[in-house]
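Colleague: This is the structure I want to talk about, given as structure tokens.
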Amino acid sequence: MDLTHLGRTSSLPASPEEAKLDYVPNPRPGRPYLVRFAVPEFTSLCPVTGQPDFAHLVIDYAPGELIVESKSLKLFLGAFRNHCGFHEAVTVGIAERLVDEMKPLWLRIGGYWYPRGGMPIDVFWQSGDPPAGLWVPDQGVAAYRGRG
């Protein structure tokens with residue numbers, strides 16, 4: 001297993017495309033279980049204005065043969081700070097990259113974006129139906145209420 005980041009000094013990648021995600025063998029293969037990453041301070045840039053956009057991301061997945069190494073995931077997600085993209089492209093693109101490379105049994109992402117132009121935009125995607133017997137808790141992020 002050749003890991004790029006774990007136990008090493010790593011710099012923030014210049015872009016999501018340049019980020020290297022590391023994967024390790026699933027320590028509990030053959031059992032359906034859920035892994036959750038909550039990212040309450042995710043940022044990217046608006047592709048029109050270049051201004052920062054903020055989101056609370058929740059990534060849930062049921063591992064197949066591999067799990068994603070968390071430090072590499074943090075660096076990948078951090079690389080979006082200087083990346084321009086619409087909420088839909090960013091949210092679904094993160095999920096698709098993880099699915100393409102890690103090949104989990106199932107993955108879903110909730111992108112709970114803070115208002116842009118006075119309106120929050122939430123983006124949800126999943127790779128299909130969750131495996132039978134998998135406990136899938138609510139993502140626990142309340143709908144945006146503003147001052148209400």
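Colleague: Per the Kirkwood definition applied to all pairs of different Cα atoms, how many angstroms is the hydrodynamic radius of the stretch 23-126? Show your work: numbers first, answer last.
Modeller: Numbers: mean 1/r = 0.0706 Å⁻¹.
It is 14.2 Å.
Colleague: Along the stretch 19-34, what does the Karplus equation 6.51 cos²θ - 1.76 cosθ + 1.60 (θ = phi - 60°) give for ³J(HN,Hα), rounded to whole Hz, x for Gly and Pro?
Modeller: Ordered by residue, 3J(HN,Hα) equals 5, 9, 8, 9, 10, 10, x, 5, x, 9, x, x, 10, x, 9, 10 Hz.
Colleague: Just going by the charge dipole of the stretch 54-128, with Lys and Arg at +1 and Asp and Glu at -1 on Cβ, which of 126, 104, 79 is farthest out on the positive end?
Modeller: 79
Colleague: Further question on the same structure: Suppose R0 equals 25 Å; then what is the FRET efficiency for residue 51 and residue 4 from their Cβ-Cβ distance, rounded to the nearest 0.05?
Modeller: Efficiency, rounded to the nearest 0.05: 0.20.
Colleague: Sort 98-111, 27-40 by the packing proxy (mean of other Cβ within 10 Å over each peptide's residues), most packed first.
Modeller: Averaged packing, sorted descending, gives the order 98-111, 27-40.
Colleague: Continuing with this model, one more query. Going by amide H atoms built from the backbone, whose H comes under 5 Å of the H on residue 134, apart from near neighbours?
Modeller: For residue 134, no residues qualify.
Colleague: Taking the Cα of residue 129, stepping 7 Å toward and past its beta carbon, and measuring to each backbone N in the stretch 17-59: which are under 14 Å?
Modeller: No residues fall inside that zone.
Colleague: Here's another thing I want to ask about it. Please compute the contact order of the chain in relative form: average sequence separation of alpha-carbon pairs under 8 Å and at least six residues apart, divided by the residue count, as a percent.
Modeller: Relative contact order comes out at 25 percent.
Colleague: Another question about this same structure. Given H placed 1.01 Å from N in the peptide plane, which residues other than close sequence neighbours of residue 83 have an amide H under 5 Å from its amide H?
Modeller: Amide H to amide H, under 5 Å and 5 or more residues apart or across chains, residue 83 pairs with 45.
Colleague: How big is the dipole moment of the stretch 48-148 about its Cα centre under a simple scheme where the beta carbon of each Lys and Arg is +1, that of each Asp and Glu is -1, and everything else is neutral? Debye, nearest 20, please.
Modeller: Here the size comes out at about 460 debye.
Colleague: Just want the answer: with Cβ charges of +1 for Lys and Arg and -1 for Asp and Glu, which residue in 89, 141, 32 is farthest toward the dipole's positive end in the chain?
Modeller: After comparing all options, I get 141.
Colleague: Spelling out what I want: for every residue of the stretch 56-61, take phi, set θ = phi - 60°, compute 6.51 cos²θ - 1.76 cosθ + 1.60 (Karplus), and round to whole Hz; glycine and proline get x.
Modeller: Karplus values, whole Hz, x for Gly and Pro: 10, 9, 10, 10, 10, 8.
Colleague: Which length gain, in nm to one decimal place, applies between residue 81 and residue 14 when the Cα-Cα distance is subtracted from 0.36 nm times their residue separation?
Modeller: Between residue 81 and residue 14, full extension yields 23.2 nm more.
Colleague: With θ taken as phi - 60° and the coefficients 6.51, -1.76 and 1.60, list the Karplus ³J(HN,Hα) couplings across the stretch 75-88 in order, rounded to whole Hz; mark glycine and proline as x.
Modeller: Couplings: 5, 4, 5, x, 5, 6, 4, 10, 9, 8, x, 5, 3, 5 Hz.
Any read-out appearing in this document is the output of simple, stated calculations on the displayed coordinates, not a laboratory observation. Predicted model only: the values in this text are computed from it and were never measured. Note that we place each Cβ from the backbone using ideal geometry, even for glycine, and neighbour counts take in every protein chain shown.
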